[in-house]
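Report on the structure given below.
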Amino acid sequence: MSEEELAAVAGFCPPRVPAAAIEGLCEVLAVPGRHGKPHLQREDSGRSFTSSFAVFYLPESSTWRTMRRSSVLSSNTMALYVREADEQEWPRDMGRRWQEFDADGSVIPLQAASDFVIVTVAGTAVGVQVDTSGAMALGWSLRREVRGADRRWDVELHLRREPEEALRLVHEAGLLT
């Protein structure tokens with residue numbers, strides 16, 4: 001989708017990583033769907049909208065259709081996922097999905113899990129999680145007026161950077177507000 005098409009169905013301009021931070025990568029804006037066709041919801045008025053979308057940053061030599069999980073984990077790619085918030089606590093819920101387990105299979109309490117922490121950056125709570133491959137995810141919430149109402153949107157950014165560098169990127173890019 002183009003930025004204009006995505007803004008029309010999301011109801012606001014999508015957050016995007018600035019060009020200086022994605023040198024050598026191409027940007028792909030997308031909503032969930034199949035075979036290249038977006039799956040959009042409909043309001044009673046018939047207007048199409050989406051409550052989730054993604055912005056991918058892929059090597060210029062590839063396309064989103066050719067990317068696979070293994071190539072994403074081993075390359076300099078980024079994925080920014082945005083979804084309308086539900087009642088779950090965010091970004092803390094981000095850590096619950098990827099909690100660590102003890103040898104006996106019991107869940108390690110979130111506060112003891114070594115790979116997830118919530119930090120405050122410029123007044124915004126940001127979940128930071130690094131997996132064993134070195135890939136990391138940042139999670140935070142945005143508020144946007146959409147379809148006449150103030151709504152909360154949960155954001156996740158997946159990338160391969162050091163945590164401090166990734167936090168600096170989202171802060172300096174204005175992605176937290």
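The values are calculated or read from the model by the stated rules, or taken from the named source; none is laboratory data. Note that the structure is a prediction, hence the values are computed from the model and not measured. In this analysis, Cβ positions are derived from the backbone assuming ideal geometry, glycine residues included, and neighbour counts consider all displayed protein chains. The area values use the complete protein model at the heavy-atom level, side chains included, leaving out ligands, DNA and RNA. Shrake-Rupley method; radii C 1.70, N 1.55, O 1.52, S 1.80 Å.
The set of residues in region 10-47 being open to solvent by 80 Å² or more (accessible area, probe 1.4 Å) and in a strand (DSSP E or B) consists of R34, K37, R42.
Here is a yes/no grid of residues against (1) among the aliphatic types (A, V, I, L, M); (2) under 28 Å from L25 (Cα atoms); (3) surrounded by fewer than 12 Cβ atoms within 10 Å (Cβ to Cβ); (4) modelled with pLDDT of 80 or more:
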{"position": "T66", "(1), (2), (3), (4)": "no, yes, yes, no"}
{"position": "E84", "(1), (2), (3), (4)": "no, yes, no, yes"}
{"position": "Q99", "(1), (2), (3), (4)": "no, no, no, no"}
{"position": "A137", "(1), (2), (3), (4)": "yes, yes, no, yes"}
